[in-house]
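See below for the structure under consideration.
Please treat every number below as a calculation from the coordinates, not as lab data. The shown structure was predicted, so the numbers you read here are calculated from the model rather than taken from an experiment. Every residue, glycine among them, receives a Cβ derived from its backbone with ideal geometry; neighbour counts consider all protein chains shown.
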Amino acid sequence: MLNDTDEALAATAVVRRLTFAGEVLAEETFELELPARGHARRALTEALLATDDAGNEVGVVDFVGADGGEVPGLARLVHDLADVVDQRLDPAAAEVTAEETSDGAVVTVTARSYLRDVVVLADRADRSASVDRSLVSLLPGETARFELRGDGPISAEAATDPRVVRSANQLHGDPIGTPLP
């Protein structure tokens, strides 16, 4: 682990190997202290490193602060145990909704199973639009919100079009519609 900040970081690391359905196959928890601009190494157990089915498993590291919340500067790590073409990702794993706002839309994506690398191609919904985040991977049951901003409201229909809300999971599905203009 690398701390690229000017302050020391302390957290509890929760390392898991999960199936795409969310079943925990192995888990280890340990305390982590990183000095300012420093690094630390930690060997993981064989149970975390071994895989029964790399095409249906993912490794995840979450960092928990003393207050039980997120630790600023330490984001979740997701390690795909197989290349996307070798994973058995569900192309229908995303449940997508949107709400129109005065200057865009808010898109909410919920994962039915592991959802890899969600992106919202905002400019496909509206040429003036941009989005606040990208390449978000979700575990089953997790939700992410994406805020689209543009020159005006963006309809929920445009913001949720499957050519706008994309993920690596869709690489395993049927082609989606015709190209947008």
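Annotation for region 149-179 versus region 116-142: alpha-carbon center distance of 9 Å. Remark: relative contact order (region 83-169) = 37 percent; criterion is Cα-Cα distance under 8 angstrom and separation of 6 or more residues. Shape analysis of region 130-181 places it in the oblate category; the axes a ≥ b ≥ c from the Cα gyration tensor give an a/c of at least 1.5, with a/b not above b/c.
Highest mean packing comes first when the peptides 91-98, 5-12 are listed by Cβ atoms within 10 Å, giving 91-98, 5-12. Take every pair of alpha-carbon atoms less than 8 Å apart whose residues are at least six positions apart; their mean separation over the length of the chain yields a relative contact order of 19 percent.
Taken one residue at a time, the phi angles of region 18-31 give Karplus couplings (6.51, -1.76, 1.60, θ = phi - 60°) of 10, 7, 5, 7, x, 5, 7, 9, 7, 8, 9, 10, 8, 7 Hz. Gly and Pro are set to x. Considering only Ala105, Ser167, Ala66, the residue lying farthest towards the positive end of the dipole of region 62-167 is Ser167, judged by Cα position with unit charges set on Cβ. By the count of other C-beta atoms within 10 Å, a proxy for reagent exposure, Leu135, Leu148 are ordered fewest to most as Leu135, Leu148.
Expressed in units of 2.2 N^0.38 Å, where N is the residue count, the Cα radius of gyration of region 94-172 is 1.00.
Applied to region 144-155, the Karplus parametrisation 6.51 cos²θ - 1.76 cosθ + 1.60 on θ = phi - 60° returns per-residue 3J(HN,Hα) values of 10, 10, 10, 9, 9, 10, x, 7, x, x, 10, 5 Hz, with x for Gly and Pro.
Using alpha-carbon pairs under 8 Å, 6+ residues apart, how would you state the relative contact order of region 9-86 in percent? The partial results should precede the final answer.
On the way: 123 pairs, mean separation 26.1, N = 78.
34 percent.
When a/c is below 1.5 the answer is rounded, else prolate if a/b is larger than b/c, else oblate, so apply that to region 51-112 with a ≥ b ≥ c taken from the square roots of the Cα gyration tensor eigenvalues.
Working: a/c = 2.95, a/b = 1.17, b/c = 2.51.
Oblate is the answer for region 51-112, as a/c is 1.5 or above yet b/c matches or exceeds a/b.
At an R0 of 25 angstrom, the distance between the Cβ atoms of Glu46 and Ala75 translates into a FRET efficiency of 0.45.
Going by a ≥ b ≥ c, the root eigenvalues of the Cα gyration tensor, does the chain fall in the rounded group (a/c under 1.5), the prolate group (a/b larger than b/c) or the oblate group? Oblate, since a/c reaches 1.5 and b/c is not below a/b.
Of the peptides 65-76, 19-30, the order by per-residue mean of other Cβ atoms within 10 Å, starting with the highest, comes out as 19-30, 65-76. A Cβ-based charge dipole, computed about the Cα centre of the chain with Lys and Arg at +1 and Asp and Glu at -1, lands at about 280 debye.
Here region 12-63 and region 84-104 have alpha carbon centers that stand 25 Å from each other.
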